[in-house]
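Read-outs throughout are calculated quantities, based only on the coordinates presented, and are distinct from any laboratory measurement. On a predicted model such as this, the values are computed, not experimentally measured, just so you know. Reconstructed Cβ throughout: ideal geometry from the backbone, glycine too, with neighbour counts over all protein chains shown.
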Amino acid sequence: MTSFLKWLKPFYEAGFIQLLAASGTLLAVGVALWPHFNRWRTRARLCVEIPKGYTGETIVPQIVGNVPAAIARMHAKVAKLRVRNIGKTAAVGVRLSVTDFYFIEAGKCTLEAMPESQLQPVGSHIEQLPVGLTMLFSVCGCSVHGDAKSGFRVGGAPASFSGGMGTEVKVAFSGDKPPLRPGLHIIRLVVSAESVSPTTHILGLEIGDDVRLRLATKSERRIVRAADRERTAVEISKG
């Protein structure tokens, strides 16, 4: 034993034994933290995809029978976006919420009094979004019923109803969301899911006869940040 200790003495004096002890401690910590790191490494990740130059899609018109020809044409224009899972595990409970609406006019950015809205998926809701696949969400839409138009509303095109006596037919649209006024809207979109950190995306929504959806430009992002700072600014009195 004495000879063995004498053999180890040069390694101890050189600090090699302390290095082994520190390495063993780091290895133990790494083994303990690996499950947490692995869950983070293999987490689901969501991104928003919008085709360049995207214009709202027109849903194929439907013919309505037993009504005058003036209102027999029904169709809708809807702006959609895709959410893709670029992570390594399935995303559960994907949610998209529009939290803020800004209207840009003559270089000024105004916060609109629009309620927070949760966007609905197009088609049947998917509880789990597998890796590499996408979900479609409707951002806004407009219903056209003959000469009557609902205006573009957040979340999708509202349903239309017709009624009346004889040739005088009135058209009404369902839903309590107000139409978006024509012009450039900047919206803040929050994408989240279970066990997925929420991400914020700034989108541009150009409303006219059609709707154009895109990512906000750098200048538009700066305008929104300035509007946010102005909105959250407070005055302090120290007495």
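Quick notes
- For residue 135, net neighbour charge (Lys/Arg +1, Asp/Glu -1) across residues whose Cβ lies under 15 Å away: +2
- Cut-off 20 Å (backbone N to label point 7 Å along Cα→Cβ of residue 112), residues of the stretch 120-162: 120-121, 137-144, 149-159
- Over the stretch 46-232, the fraction of Cα-Cα pairs per 10 Å bin, rounded to whole percents and listed from the shortest bin up, is 9, 33, 31, 19, 7, 1, 0.
- Taking a ≥ b ≥ c as the square roots of the eigenvalues of the Cα gyration tensor, the stretch 111-164 is classed as oblate, since a/c reaches at least 1.5 and a/b does not exceed b/c.
- Sorted fewest first by neighbouring Cβ atoms within 10 angstrom, 47, 109 come out as 47, 109.
- Reference-scaled alpha-carbon Rg (2.2 N^0.38 Å with N residues) for the stretch 70-113: 1.96
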